[in-house]
Amino acid sequence: MFFLGISAYYHDASVALIDSSGNLIDFKKEEWLSRVKGDKSFPRLALQELVETHQLSEKNIASITFYEKPVRAWITVLKHSVKTNPISNELTRNYFKNAWRSSMRFQLDISKYIKLKKIPLLYSDHHLSHTLSTLYYYNSFPYVSVVVDGYGDKYCTSIHHVKSNNEIINLWNSEYPNSLGLFYSAITDFLGFAVNEGEYKMMGLAAFGKPTLYEDLKKTIKFENNQLIIDTKYYDYVRRTDRSYSNLLINLLKTQPRQPDIPLEVGEKDFQIYADIASSAQKVLEELLFLILKYAHDISKENKFLFSGGVAMNSAAVSKCSKLDFIKELNIPPSPGDSGAAIGAAYYGFINKKNKNLDNFVSKNNIKNNLFPGKQKSNEDFFNLVFEKISNKEASLTKASELIAKNEILATCYGNMETGPRALGHRSLICNAHNSQLIQKLSTEIKKRNLFRPTAPVVLKENAEKYFHLKKSLMNCYLHMAATATPKDEVLDNIKGVVHIDNSSRVQICDENLLLGKILMNLKKFNIEMIANTSFNISSDPMVYDKEDAFLAIERMNIKYLLTETGLYLRKNEIH
């Protein structure tokens with residue numbers, strides 16, 4: 001029997017599938033198939049692929065769980081808008097008008113693809129889905145779970161005491177509109193980046209600035225008397241649908257919002273003021289997180305933390321939080337945002353069905369040994385038209401290592417995709433991390449990215465402490481780029497290309513059994529101990545999903561080499 005979890009309608013729609021033994025056997029984001037970045041629509045393409053791949057039907061699906069409670073999600077924002085705005089308000093009218101386009105149509109949408117007559121349809125609390133998406137990978141109880149996101153069916157921040165799979169107690173919540181995630185998204189919007197997509201760009205930009213507006217921004221949101229309180233006079237997400245900040249915030253920041261179509265490049269006009277705004281907002285976020293985590297520790301008495309929600313993707317903040325003396329472990333799932341909540345929803349169905357037998361259950365799909373679940377079809381029939389196979393499967397990693405040593409850039413489209421938002425080797429662009437000029441070419445010329453966005457280093461565990469100051473509390477996070485680390489002074493000159501301007505790196509410590517780990521093992525003979533790694537996509541596109549996507553991306557990005565699970569390929573127009 002299978003347990004299906006679904007996240008949809010807000011952003012990053014996805015589906016997850018857990019089997020009767022509790023194994024995560026598949027996970028797909030809708031954007032991978034639709035090619036619409038951050039696709040929030042009902043994940044029909046992802047669902048259809050799961051149904052076909054695993055022969056899903058009412059005969060073998062034990063439950064289907066949606067990641068939030070739709071009616072409560074719709075009513076919460078509407079009630080607040082009606083209470084605080086005129087009935088003619090744009091946001092109020094939009095919620096009434098689009099009610100049937102919201103998650104309240106979930107049952108209707110899924111019934112188009114799966115017969116529901118014999119399948120229980122379950123609804124998990126949004127923040128419980130986040131908590132369970134983290135708990136799935138970590139089973140050494142007890143924990144305190146902290147979820148910080150924009151908004152999810154009533155709450156924006158929550159604290160749960162996780163004593164076991166069977167005992168998860170909600171201790172505290174911050175209700176809409178008091179949201180640390182929506183605060184950060186509003187500043188993201190002000191800086192001209194897309195909400196729910198551009199927050200990571202703002203985090204990268206923050207490293208180039210100074211928190212000169214910190215004192216001003218912290219007046220707009222605070223944590224007092226154990227409550228998170230936002231001054232909505234400054235934030236129009238409670239009034240409008242077209243922007244998240246108000247004119248008062250514009251006056252406060254003494255700068256006009258950046259228009260998205262105007263380039264933002266290091267050294268150009270207004271770059272520094274926008275970097276300072278990003279830096280100020282980043283500092284506000286970090287200091288409020290410190291207070292929320294301290295409160296979670298105080299009321300739970302736990303020092304092992306689960307951390308999820310969209311804000312948990314802020315790897316710079318995660319690293320700062322790890323320095324708090326009351327935190328022994330800070331554990332983050334591979335996909336802490338809404339897409340990963342589909343895994344928590346599927347797990348909700350599993351633990352409800354298996355309630356009596358969960359005491360000794362430990363997930364086999366922990367962080368270390370499974371970051372790439374699924375059964376993905378691979379069609380390479382057309383490759384002979386555009387590629388020359390220069391190495392078979394057995395020799396491909398050796399050949400790939402030789403090319404990296406010669407300062408070539410390789411693309412990978414290898415087996416199943418990464419669960420989370422960060423490329424961990426299966427959909428990556430990789431090169432020698434000791435060549436900073438090559439990394440700049442990869443980032444700006446090939447990826448078409450801004451200079452203020454960093455490229456990540458990958459290193460074997462045996463060499464990680466040679467290059468970086470690592471936090472014991474974050475060791476799980478380093479396995480999937482969930483935290484940054486500071487490079488050691490004596491090696492800095494050798495890895496400058498993967499070190500951000502704030503002297504941090506979003507490091508991936510790679511197991512030698514994973515693809516990049518095997519390549520690093522082969523690179524030892526060339527005295528190369530680190531690979532530079534970034535996602536295989538042009539900036540602002542979804543990551544490459546299948547071989548057809550890989551071909552199109554290679555043509556657009558002018559890449560020579562592609563590594564797949566069947567071998568190493570060279571574009572024919574590169575053959576001389």
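Just a few scattered comments:
- Residues (part of a strand (DSSP E or B), surrounded by 22 or more Cβ atoms within 10 Å (Cβ to Cβ) and among the aliphatic types (A, V, I, L, M)) located in region 542-573: Leu562, Leu563, Leu568
- Residue that is farthest from Asp39 (Cα to Cα) [pool: residues in region 514-558 that are small (Gly, Ala, Ser) and in contact with a strand residue (DSSP E or B) (Cβ under 8 Å, 6 or more places away or on another chain)]: Gly517
- Output for region 137-162, where each listed residue is in contact with a strand residue (DSSP E or B) (Cβ under 7 Å, 6 or more places away or on another chain) and more than 26 Å from Ser185 (Cβ to Cβ): Tyr138, Phe141, Pro142, Tyr143, His161, Val162
- Enumeration of residues in region 163-181 that are surrounded by fewer than 24 Cβ atoms within 10 Å (Cβ to Cβ), aliphatic (A, V, I, L, M) and touching a residue at least 60 places away in the same chain (Cβ under 8 Å): Leu171
- Of all residues assigned to region 432-448, none qualifies as being of a type outside the set (Ser, Thr, Tyr) and touching a His at 6+ places or on another chain (Cβ under 8 Å).
- Residue among Lys488, Lys466 that is farther than 10 Å from Ile509 by Cα, surrounded by fewer than 22 Cβ atoms within 10 Å (Cβ to Cβ) and in contact (Cβ under 8 Å) with a residue 40 or more places away in the chain: Lys466
- The residues in region 109-128 that are of a type in the set (Ser, Thr, Tyr) and in a strand (DSSP E or B) can be counted, and the count is 1.
- Ile159 vs. criteria among the aliphatic types (A, V, I, L, M) and in a helix (DSSP H, G or I): no
- Among the residues of region 311-327, the one identified as of a type in the set (D, E, K, R) and either within 23 Å of His127 (Cα to Cα) or under 19 Å from the mean Cα position of the chain (by Cα) (or both) is Lys320.
- When residues of region 109-155 are limited to those that are of a type in the set (Gly, Ala, Ser) and more than 24 Å from Ser174 (Cβ to Cβ), the one surrounded by the most Cβ atoms within 10 Å (Cβ to Cβ): Ser111
- If you go through region 492-514 and pick out every residue that is in a strand (DSSP E or B) and more than 26 Å from Ser279 (Cα to Cα), you end up with 2.
- In the set (1) aromatic (Phe, Trp, Tyr); (2) closer than 25 Å to His126 by Cα; (3) surrounded by 18 or more Cβ atoms within 10 Å (Cβ to Cβ); (4) not assigned by TED's automatic domain parsing to the domain that holds Thr131, Phe290 fails one condition alone, (3).
- For region 278-310, filtering for residues that are over 16 Å from the mean Cα position of the chain (by Cα) and assigned to a helix (DSSP H, G or I) leaves 23.
Conditions (1) modelled with pLDDT of 95 or more; (2) of a type outside the set (Phe, Trp, Tyr), marked per residue:
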{"residue": "Asn196", "(1), (2)": "no, yes"}
{"residue": "Tyr200", "(1), (2)": "no, no"}
{"residue": "Glu215", "(1), (2)": "yes, yes"}
{"residue": "Gln227", "(1), (2)": "yes, yes"}
{"residue": "Val238", "(1), (2)": "no, yes"}
{"residue": "Leu264", "(1), (2)": "no, yes"}
{"residue": "Leu285", "(1), (2)": "yes, yes"}
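- Each residue in region 529-541 was checked for being surrounded by 21 or more Cβ atoms within 10 Å (Cβ to Cβ), of a type in the set (A, V, I, L, M, F, W, C) and over 16 Å from the mean Cα position of the chain (by Cα), and 3 pass.
- Apart from one condition, Leu253 fits all of (1) within 30 Å of Ala483 (Cβ to Cβ); (2) touching a residue at least 40 places away in the same chain (Cβ under 8 Å); (3) within 27 Å of the chain's Cα centre (by Cα); the exception is (3).
The values are calculated or read from the model by the stated rules, or taken from the named source; none is laboratory data. Here the structure is a predicted model, which is why all the values come from computation and not from measurement. As a convention, Cβ positions derive from the backbone with ideal geometry for all residues, glycine included, and neighbour counts pool all protein chains shown.
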